[in-house]
1. Within segment 75-101, can you find the residues that are farther than 13 Å from GLY111 by Cα and of a type in the set (D, E, K, R)?
2. Scan segment 1-12 residue by residue and report those that are modelled with pLDDT of 95 or more and not aliphatic (A, V, I, L, M).
3. Tally the residues that are open to solvent by 60 Å² or more (accessible area, probe 1.4 Å) and of a type in the set (Ser, Thr, Tyr), restricting the search to segment 1-46.
4. Within the set of pairs 6+ apart or on separate chains, which have a first residue in segment 5-23 that is at negative phi and of a type in the set (A, V, I, L, M, F, W, C), a second that is part of a loop (DSSP other than H, G, I, E, B) and surrounded by fewer than 12 Cβ atoms within 10 Å (Cβ to Cβ), and C-beta atoms under 6 Å apart?
5. Based on what the data block shows, is ASP75 among the acidic types (Asp, Glu), in contact (Cβ under 8 Å) with a residue 24 or more places away in the chain and open to solvent by less than 50 Å² (accessible area, probe 1.4 Å)?
6. Among the residues of segment 47-66, write down those that are surrounded by fewer than 18 Cβ atoms within 10 Å (Cβ to Cβ) and more than 12 Å from the chain's Cα centre (by Cα).
7. Which one of these does VAL96 not meet: (1) aliphatic (A, V, I, L, M); (2) open to solvent by less than 40 Å² (accessible area, probe 1.4 Å); (3) closer than 20 Å to VAL24 by Cα?
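The values are calculated or read from the model by the stated rules, or taken from the named source; none is laboratory data. What you are looking at is a predicted structure, and each value in this text was computed from that prediction instead of being measured. Here the Cβ is made from the backbone with ideal geometry for all residues, glycine too, and neighbour counts use every protein chain on show. Ligands, DNA and RNA are stripped out before the accessible areas are found, and what is left, the full protein with its side chains, is counted by its heavy atoms. Shrake-Rupley method; radii C 1.70, N 1.55, O 1.52, S 1.80 Å.
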Amino acid sequence: MDQSISWITVGTVEDIPRQGSRVVRTDFGDIALFRTVADEVYALEDRCPHAGGPLSQGIVHGARVTCPLHSWVIDLASGEAVGPDEGCAGHCPVRVVDGAVQLGLAAFRPGRGGCGHG
């Protein structure tokens with residue numbers, strides 16, 4: 001990961017339920033932190049690229065989350081919708097250091113919608 005990224009601590013891994021999420025409010029909007037069953041942590045904009053559904057309320061399975069509104073499946077690592085859907089949720093670099101979850105907000109990448117929404 002880029003060494004020039006400025007990291008801010010937003011909580012601990014234990015703050016995020018396994019196969020669940022936690023929302024962090026930022027200047028870029030709400031960022032959903034996801035934790036997989038393998039304790040991997042990902043950070044996405046809490047907004048599905050389809051119709052803006054709250055991804056934090058979706059179901060985490062493997063390294064993906066299913067949006068609660070229209071069942072779009074989003075890859076947690078990239079934010080990309082899984083085919084045949086197209087679009088990308090905004091994503092943010094995230095790392096875990098000694099159990100602390102840190103975000104690289106300056107490197108946040110906004111999402112892009114699909115299906116004419118966004």
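1. ASP85, ARG95, ASP98, listed by residue number.
2. TRP7, THR9, GLY11, THR12, listed by residue number.
3. 3
4. Cβ pairs passing all conditions: VAL13/GLY99.
5. no
6. ALA51, GLY52, ILE59, HIS61, GLY62
7. It is condition (2) that VAL96 fails.
Yes or no, residue by residue, for (1) closer than 17 Å to GLY99 by Cα; (2) at pLDDT 95 or above:
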position	(1), (2)
GLU14	yes, yes
PHE28	no, no
ILE31	no, yes
THR36	yes, yes
GLU40	yes, yes
LEU44	no, yes
GLY52	no, no
